[in-house]
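The values are calculated or read from the model by the stated rules, or taken from the named source; none is laboratory data. Everything quoted here is computed from the prediction, not taken from an experiment. Heads up, the Cβs are rebuilt from the backbone with ideal geometry, glycines too, and the neighbour counts pull from every protein chain shown. These area figures cover heavy atoms from the full protein model, side chains too; ligands, DNA and RNA do not enter into them. Shrake-Rupley method; radii C 1.70, N 1.55, O 1.52, S 1.80 Å.
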Amino acid sequence: MNTIALLRRVGAELLGTGLLVTVVVGSGIAAARLSTDSGLQLLENSIATALGLAVLILLLGPVSGAHFNPVVSLADTLLDRRHGTGMPLPLSVFYIVAQVAGAILGAMLANAMFEIPTSIATTARATAGTFLAEIVATAGLVLLIFGLARARRTAPTIAAAVGAYIGAAYWFTSSTSFANPAVTIGRIFTDTFAGIAPTSVLPFLAAQLFGAGIGVALAVLLFPRATVTADDLAVTRTLTDPKEAS
């Protein structure tokens with residue numbers, strides 16, 4: 001992969017993850033200002049996040065695969081190594097660094113748009129229930145992405161399915177489904193509706209990594225024959241010329 005292609009892909013991951021966190025945090029701030037009912041606030045936040053995520057996957061998938069999530073990048077690296085089709089480890093490292101940086105910048109951007117000072121969140125979220133919820137949410141997300149990829153579903157299908165899953169998981173998990181280490185870290189930097197206190201972050205990250213491992217294992221068990229990787233589905237084989245992203 002040449003330098004320009006690498007920068008394009010890493011830049012897309014930074015931009016996409018940043019905009020995703022901007023949607024999550026910004027819609028949370030707007031919801032808190034528009035509504036006093038907590039259920040309505042969560043509904044507004046979840047709808048905006050589900051739609052925004054699907055749009056970002058469709059927009060940036062042809063460039064980087066639209067991972068926007070370190071566990072997706074790690075799973076793509078690990079899951080198909082035996083076939084030589086997974087993401088190279090150095091590229092995965094670049095992706096993860098870009099995702100974390102983008103998430104932090106995205107939270108700061110949302111704060112700025114609503115004229116809220118960037119500060120460290122104080123909302124404690126770590127409990128036994130939310131730890132289990134993050135395992136379930138992340139396992140389901142990883143299984144969904146790589147299951148659909150191995151079943152050769154199209155990029156628009158994956159975008160819609162991932163957005164729908166995250167929107168639903170806001171409601172069926174007690175943690176409201178962070179399911180993303182980069183987004184979790186980014187949400188430290190906003191003391192608003194979507195914020196998470198630093199003391200809650202390590203349990204969330206541990207649960208997400210554990211859940212990702214379960215998701216990978218389920219993907220291998222249920223879809224043993226990899227016909228295409230998640231990166232291939234979103235980026236090169238479906239939407240663009242394979243040479244363009246190489």
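Would it be correct to say that SER174 is open to solvent by less than 30 Å² (accessible area, probe 1.4 Å), over 17 Å from the mean Cα position of the chain (by Cα) and in contact (Cβ under 8 Å) with a residue 40 or more places away in the chain? No; evaluated as a whole, the condition is false for this residue. Within region 191-216, the set of residues being over 9 Å from ALA139 (Cβ atoms) and open to solvent by 40 Å² or more (accessible area, probe 1.4 Å) comprises ASP191, PHE193, PRO198, THR199, LEU202, PRO203, ALA206, LEU209. Only one of ARG152, ARG125 is open to solvent by 20 Å² or more (accessible area, probe 1.4 Å) and either free of Cβ contacts under 8 Å to residues at least 12 places away in the same chain or on the phi > 0 side of the Ramachandran plot (or both); which? None of the others qualify; the one that does is ARG152. Quick check, is VAL23 surrounded by fewer than 23 Cβ atoms within 10 Å (Cβ to Cβ), modelled with pLDDT of 95 or more and hydrophobic (A, V, I, L, M, F, W, C)? Answer is yes for this residue.
Regarding region 2-21, can at least one residue be identified that is acidic (Asp, Glu) and not in a helix (DSSP H, G or I)? No; the residues of region 2-21 include none that is acidic (Asp, Glu) and not in a helix (DSSP H, G or I).
Cβ separations smaller than 9 Å between residues 6+ apart or across chains give the following pairs from region 37-65 residues that are hydroxyl-bearing (Ser, Thr, Tyr) to residues that are at pLDDT below 95 and part of a helix (DSSP H, G or I): SER64/ASP231; SER64/ALA234; SER64/VAL235; SER64/ALA245.
With respect to (1) surrounded by fewer than 18 Cβ atoms within 10 Å (Cβ to Cβ); (2) free of Cβ contacts under 8 Å to residues at least 60 places away in the same chain, the lone exception for LEU6 is condition (2).
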